[in-house]
1. To the nearest 500 deg cm²/dmol, what mean residue ellipticity at 222 nm is calculated for the chain from DSSP H runs of n ≥ 4 alone, each contributing -39,500 (n - 2.57), summed and divided by the residues?
2. Under a cut-off of 19 Å between alpha-carbon atoms, report the lysines in cross-link reach of K170, not counting same-chain residues fewer than 8 places apart.
3. Just tell me which lysines come within less than 17 Å, Cα to Cα, of K218; anything on the same chain fewer than 8 places away is out.
4. What FRET efficiency comes out for W68 versus D128 if R0 is 41 angstrom and r is the Cβ-Cβ distance? Round to the nearest 0.05.
5. Run the simple label-point estimate for Y90 and R136 please: 7 Å along Cα→C-beta, distance reported in nm.
6. Which of the helices in the chain meet the span-like rule: DSSP H, Cα axial reach of 30 Å or more, Kyte-Doolittle mean at least 1.0?
7. Calculated FRET efficiency, R17 and L53, Cβ-Cβ r, R0 25 Å, to nearest 0.05?
8. Convert each backbone phi in segment 163-168 into a coupling constant with the Karplus relation 6.51 cos²θ - 1.76 cosθ + 1.60 (shift: θ = phi - 60°), then list the ³J(HN,Hα) values in order as whole Hz, x for Gly and Pro.
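No value in this document is a laboratory result; all are computed from the given coordinates. Worth saying up front: this structure is predicted, and the values here are computed from it rather than measured. Here the Cβ positions follow ideal geometry from the backbone for every residue, glycine too, while neighbour counts run over all protein chains shown.
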Amino acid sequence: MTPWLRVKATCFSRNKREILKNISVEFSEGELILLTGHNGSGKTTLLRIIAGLLKPDQGLFELNGGPWSNWRFIRNSLRQNTCYLHQQPYLFDCSVFNNVAYGLRRQGVGQQEITSRVTAALEAASLDHLQRRHSRELSGGEQQRVAMVRAWVLTPRLMLLDEPVANMDKQARRLCLSLINQLYKDKVSVILTSHDPQQGELQLTRHLHLYQGSMEPKPIDTLDKRDT
């Protein structure tokens, strides 16, 4: 499978501290990747670079087979193809339905299509019963899932999830991981970060590990498959 995105020899430092050292990684269509590492290992930094939100000190990017070094072009292309979700995503001060519909309205999609796509996505995520609920009335786990669905309806090529199940109870965690599996089944590539490798409920295709700023591929069968 030909990678659509390659990140080569990427470095990033902050306050004279080297966070990422010569990182090279590639991404193909239809992947579900777990990125692990201790706190401060550079997981969030790498996601933000891939999302076009943070400029690396150096690095080469290849999108769809073409090498690019102009950061402005790279940034715009990455932002068009990816969606980045924080650990505590921001929801607008309105209903769940309107939160999910927001991006589609910005794209100029017609109301009938918006209603159809938002309703279908909420049903697929088992959130249709909350569509009229105000965002301030949601639990943390519900907010995270609504944010994922809001990104999902925009059909991104790659979704970047930063610690999506951190601090969730067991039930909320299961529902969130189930939704991530559904995104993968729907042909949305996903990279999620965690400092905890116990993600056995996910249908992972790869496990990458950041250690002291360097990337280490890990076999998936080393993950803890116990219920968590």
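1. Numbers: 6 runs with 73 residues, N = 228.
After summing the helix terms and dividing by residue count, I get -10000 deg cm²/dmol.
2. K225
3. K43
4. Values: r = 41 Å, r/R0 = 1.00.
Efficiency, rounded to the nearest 0.05: 0.50.
5. So the label points at Y90 and R136 sit 1.7 nm apart.
6. Working: long enough: none.
None clear 30 Å together with a mean of 1.0.
7. Values: r = 19 Å, r/R0 = 0.78.
Using R0 = 25 Å, I get an efficiency of 0.80.
8. For segment 163-168, the Karplus curve yields 6, x, 10, 5, 6, 8 Hz.
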